[in-house]
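Below is one structure, written out as structure tokens; the observations come after it.
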Amino acid sequence: VQLQASGGGLVQAGGSLRLSCAASGRTFSSYGMGWFRQAPGKEREFVAAISRSGGTTIYADSVKGRFTISRDNAKNTVYLQMSSLKPEDTAVYYCAATGTSWATRDRMQYDYWGQGTLVTVSS
């Protein structure tokens, strides 16, 4: 499956952005999906994940209550709605697909990765 992330940009602290990740190739609904991010000089970290059906979502503690992951299997797209953004949310955001049916935060279980989209939050 090929993944294309979009929607990044520059936003002020407290603002909102919605990231999208469009999938092509094999059946999108066969994959659990996740969002990860990597800030300069830091390791890639888990942000949010959603199960194949969309019925289960999990979040990193740092974004819980501010970010929402969702998916539209008819459009082969997964979204990350980000609100109340903070400067520490600045990073390149990556979407990823896993063959597991459940939502997982384990980076090693993701087989396919998008190219990343940069989110910059100014103070």
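The values are calculated or read from the model by the stated rules, or taken from the named source; none is laboratory data. All figures in this text were calculated on a predicted structure; none of them were measured in a lab. Cβ atoms come from the backbone with ideal geometry, glycine included; neighbour counts cover every protein chain shown. These area figures cover heavy atoms from the full protein model, side chains too; ligands, DNA and RNA do not enter into them. Shrake-Rupley method; radii C 1.70, N 1.55, O 1.52, S 1.80 Å.
With a Förster radius of 25 Å applied to the beta-carbon distance between residue 39 and residue 100, the computed FRET efficiency rounds to 0.45.
Derived scalar couplings between HN and Hα for the range 109-123 equal 8, 8, 9, 10, 10, x, 7, x, 9, 8, 10, 10, 10, 8, 8 Hz in order, rounded to whole Hz, by the Karplus curve 6.51 cos²θ - 1.76 cosθ + 1.60 (θ = phi - 60°), x for Gly and Pro. For the pair residue 16 and residue 68, label points projected 7 Å from Cα toward Cβ lie 0.8 nm apart. Taking the protein heavy atoms of the range 1-90 in the context of the full set of protein chains, the accessible area attributed to carbon and sulfur is 44 percent at 1.4 Å. Taken over the C-alpha atoms, the chain has Rg and Dmax values of 13.2, 41 angstrom. Subtracting the Cα-Cα distance of residue 118 and residue 84 from 0.36 nm times their residue separation leaves 10.5 nm of extension gain. Bridgeable lysines around residue 86 (alpha carbons under 16 Å apart, same-chain partners fewer than 8 residues away excluded): 64. The mean sequence separation of alpha-carbon pairs under 8 Å and at least six residues apart, normalised by the residue count of the chain, gives a relative contact order of 37 percent.
Across the range 85-94, rounded Karplus estimates of 3J(HN,Hα) from the backbone phi angles (6.51 cos²θ - 1.76 cosθ + 1.60, θ = phi - 60°) give 5, 10, x, 6, 7, 4, 4, 8, 9, 10 Hz, Gly and Pro being marked x.
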